[in-house]
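The values are calculated or read from the model by the stated rules, or taken from the named source; none is laboratory data. Keep in mind it's a predicted model, so treat the numbers as computed, not measured. Note that each Cβ is placed from the backbone with ideal geometry, even for glycine, and that neighbours are counted across all protein chains shown. Remember, those area values only see protein heavy atoms, side chains included, never the ligands or the DNA or RNA. Shrake-Rupley method; radii C 1.70, N 1.55, O 1.52, S 1.80 Å.
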Amino acid sequence: MEPRRVRIGIDTGGTFTDVVAVDEATGRTTTTKTPSTPADPAEGFLTGVRKVLDLMGLDGSAITAVSHGTTVATNQLLEGKLDRIGFITTEGYESVLEIARQSVPDGYGNSYFWVKPPRIVPADLVRTVRGRLDHRGEEVRPLDEDDARAAARALRDAGVGTVGICLLHSYANDAHERRVLDVLREEHPDAVVSISSEVLREYREYERSVTTLVDAAVKPRVGAYVRNIRARLDDLAAGVPFYVMKSNGGVLSAEEVVHQPITTMLSGPAAGALGAALVAGAAGFDRVLTCDGGGTSTDVTVVVDGEPALTTEGSVGAYPSKIPMIDVVTVGAGGGSIAWLSPEGTLRVGPRSAGADPGPICYPSGGTEPTVTDAHVVLGRIPPHLLGGEIPLSVDAARAGLEQLGEKLGLDLERTATGILEISAWNQANALRQVTVARGLDVRDFTLTTFGGSGSLLACRLMDVLGLPRTLVPPDPGNLSAFGLLTVDVRNDHVQTTISRHADLDLDRVRTVFGGLEARAREALDGEGFPRDRQRIQRSADLRYVGQAFEVRVPVADGELDRAAAEDVAQAFHAAHRRLYGYDFAEDPRQAVEWVNLRVSGIGPIRRPDLVELAPVPTPVTDRAVTGSRRVFFDDWVETPTYERPRLAPGDVVPGPAVIEEFGSTVPVHPGFRATVDVHGNLLIERGAR
């Protein structure tokens with residue numbers, strides 16, 4: 001008999017570390033959770049691996065690969081815990097970080113009230129070098145190596161160990177940047193360095209500079225974290241492939257991630273979106289809103305035709321990062337989000353979170369401030385324990401905390417708790433509107449897919465607020481992000497700015513640039529162990545109308561790029577512009593089209609886990625799945641049946657009011673709604689007859 005072989009996906013969140021193992025022979029999955037260990041995230045990671053292997057009765061020799069979604073880089077930026085960074089740029093551009101952009105973020109009526117965030121590098125740690133390239137990469141003035149040497153020595157003597165290099169027009173020619181890097185290695189060999197031509201080969205100096213500096217800033221911590229896990233994994237399963245999730249919807253080997261850590265931003269939310277897209281697609285829904293509710297935050301994104309929306313206009317905290325990332329909107333509305341009084345005396349929820357330590361008031365060693373989880377447990381919507389009894393919850397402690405808050409507001413216990421949940425639901429609804437209504441999409445055309453430990457708790461309320469037709473809750477929703485990690489291909493993205501009007505397009509130059517990008521993509525996949533016949537290459541281009549500030553990305557077909565193929569790309573741009581903005585200039589010859597960036601994605605496909613269909617069971621649901629009842633507050637207190645979700649079978653219908661419970665998640669079904677189980681074990685929540 002062949003030894004069992006399993007692949008493991010691990011998503012480290014703010015409160016819990018989620019683990020999913022898939023048996024490669026049967027496609028069956030085994031899931032578990034363990035508390036995150038913020039002081040040393042690798043500790044929670046290894047605990048999760050051992051825990052899931054114990055559940056399956058296996059040891060480390062059974063593991064064929066481990067995929068990981070991490071928030072190390074994201075959290076470092078959100079918390080602003082950056083070491084001192086040096087910045088080397090072209091003479092005359094030392095103030096690029098200070099000038100930044102003139103645009104004022106949404107939410108400010110005018111620039112009078114807005115203060116620019118602190119620059120990522122203080123002015124005294126910026127050094128410049130003489131030398132100049134033009135926008136085509138041709139040398140206007142040679143690089144002054146003495147300047148480069150002086151800059152390297154000055155940063156070394158100042159004790160700066162992290163440096164970003166971004167020279168003007170290095171997207172077109174990286175020769176000057178590479179020479180500065182060589183000089184820096186000679187003069188300051190211990191420095192951690194990022195250069196813009198490797199991080200982001202794209203024009204727009206400010207965004208390229210900040211993206212490069214962010215990459216440099218997170219390199220030491222991400223590198224140490226990944227190497228620490230690699231070493232400890234080798235003790236358990238020597239040499240097992242270890243992949244880290246990227247924000248573009250692909251994974252990369254840990255060895256490569258160390259060199260491009262900025263690509264791991266939003267890695268956990270990206271995995272959740274891909275897992276939700278796969279599960280919802282199998283259930284027959286191709287227009288999906290994903291709502292990933294965790295302990296600290298809720299991440300939402302939109303999926304059309306099975307593909308989550310991508311953007312390069314993202315940011316993490318105060319820092320714009322123009323790397324390809326799944327278009328995720330994050331709000332501080334998780335289970336641990338703290339309810340507090342504003343200076344005006346109004347109730348607010350989040351973005352501060354009680355996290356895993358100390359946690360909500362109801363936790364065994366919980367904090368002193370009431371949270372969303374405390375509101376749910378007091379109203380009976382979650383059981384008085386988590387993880388199947390592993391974490392007991394104190395309803396009395398939560399009630400005392402909420403009553404204290406209610407006294408300040410002049411509200412009774414029920415109104416205080418429902419008020420907290422109502423604010424949390426509207427915070428999530430506004431995030432869902434941002435990814436739909438704000439982008440010209442009708443939110444009512446979509447199926448909501450809720451997952452994460454707290455993602456499904458407000459599903460019925462979100463359906464009411466947004467007018468959604470249905471909600472899909474996958475099996476084991478608390479572990480869907482970890483499951484998503486097992487569905488992800490290896491993927492690397494390469495970009496180069498090549499600006500040209502469509503009418504004057506130099507096809508030979510475009511073909512040459514695409515050829516170079518494709519060669520780099522294939523070389524990276526060779527290094528990941530994919531034979532050439534299994535590699536897939538996707539080409540795309542960013543186009544705009546002349547005079548516009550932003551581009552629209554459209555696919556470029558495989559094969560020879562001739563004049564007809566280029567015209568097809570332009571027509572695809574007109575159509576995409578019309579979909580996005582409601583108009584185009586396809587019939588107006590006076591409005592010229594401009595090509596801006598050429599992009600190539602190299603994809604190494606992996607085997608996805610099978611979504612197993614369940615057999616229907618003829619016996620009635622109440623005999624099989626009801627575990628008892630408890631008083632739950634919806635519009636009033638009502639004795640509500642509780643169901644054990646693993647005992648539900650395809651075709652079963654659970655009418656509201658009801659509470660459906662499983663190991664890592666709970667689904668309250670409000671009065672007037674019903675939940676139907678489909679062939680994959682998903683719960684489909686729809687409005688029923690009241």
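Taking Cα atoms, how many degrees apart are the long axis of helix 175-187 and the longest axis of the chain, rounded to 10 and kept between 0 and 90?
Result, in degrees: 80.
With every protein chain kept in place and ligands, DNA and RNA left out, what is the accessible area per residue of the chain? Probe 1.4 Å, answer in Å².
41
SER67's amide H: which non-local residues (gap 5+, or another chain) put their own amide H closer than 5 Å, with H modeled 1.01 Å from N in plane and none for Pro or chain starts?
Counting only residues 5 or more places away or on other chains, the set is ILE8, GLY9, ILE10, TYR243.
For LYS81, give me every one of the lysines with a C-alpha distance below 17 angstrom, ignoring sequence neighbours fewer than eight places off in its own chain.
In chain and number order, the partners are LYS219.
Does the range 369-442 come out rounded, prolate or oblate by the C-alpha gyration tensor, with a ≥ b ≥ c the root eigenvalues, rounded set by a/c under 1.5 and, if not, prolate when a/b is larger than b/c and oblate if not? Intermediate results must be reported in sequence, preceding the final value.
Values: a/c = 3.65, a/b = 1.59, b/c = 2.30.
Taking the square roots of the gyration eigenvalues as a ≥ b ≥ c, the range 369-442 is oblate.
Restrict the search to the range 511-620; then list the GluC sites (Glu not before Pro) that DSSP places in a loop and that have at most 16 other Cβ atoms within 10 Å of their Cβ. Walk me through the numbers before you get to the answer.
Working: sites: GLU518, GLU523, GLU528, GLU551, GLU560, GLU567, GLU587, GLU594, GLU613; in loops: GLU528, GLU551, GLU560, GLU587, GLU613.
Of the GluC sites (Glu not before Pro), the ones in loops of the range 511-620 whose Cβ has at most 16 other Cβ atoms within 10 Å are GLU560, GLU587, GLU613.
What's the angle, to the nearest 10 degrees (0 to 90), between helix 395-409's Cα axis and the longest principal axis of the chain?
Tilt relative to the chain: about 70 degrees.
Just how much of ARG132 is accessible, in Å², when a 1.4 Å probe is used and the result is rounded to the nearest 10?
For ARG132, solvent-accessible area is about 90 Å².
Given a 1.4 Å probe and every protein chain left where it sits, what share in percent of the accessible area of the chain is carbon and sulfur?
Values: 14320 of 28600 Å².
About 50 percent, which is the carbon plus sulfur part of the accessible surface.
Given a 1.4 Å probe and heavy atoms of the protein chains only, how would you sort LYS51, LYS33, LYS408, LYS116, largest accessible area at the top?
On the way: LYS51 55, LYS33 10, LYS408 145, LYS116 90 Å².
Solvent-accessible surface, decreasing: LYS408, LYS116, LYS51, LYS33.
Starting from the Cα gyration tensor of the range 271-312, take the square roots of the eigenvalues, sort them a ≥ b ≥ c, and report rounded, prolate or oblate (rounded when a/c is under 1.5, otherwise prolate if a/b is larger than b/c, else oblate).
Working: a/c = 2.41, a/b = 1.42, b/c = 1.70.
Oblate, because a/c is 1.5 or more while a/b does not exceed b/c.
Would you work out the charge dipole size for the chain about its Cα centre, treating the Cβ of every Lys and Arg as +1 and the Cβ of every Asp and Glu as -1, and quote it to the nearest 20 debye?
380
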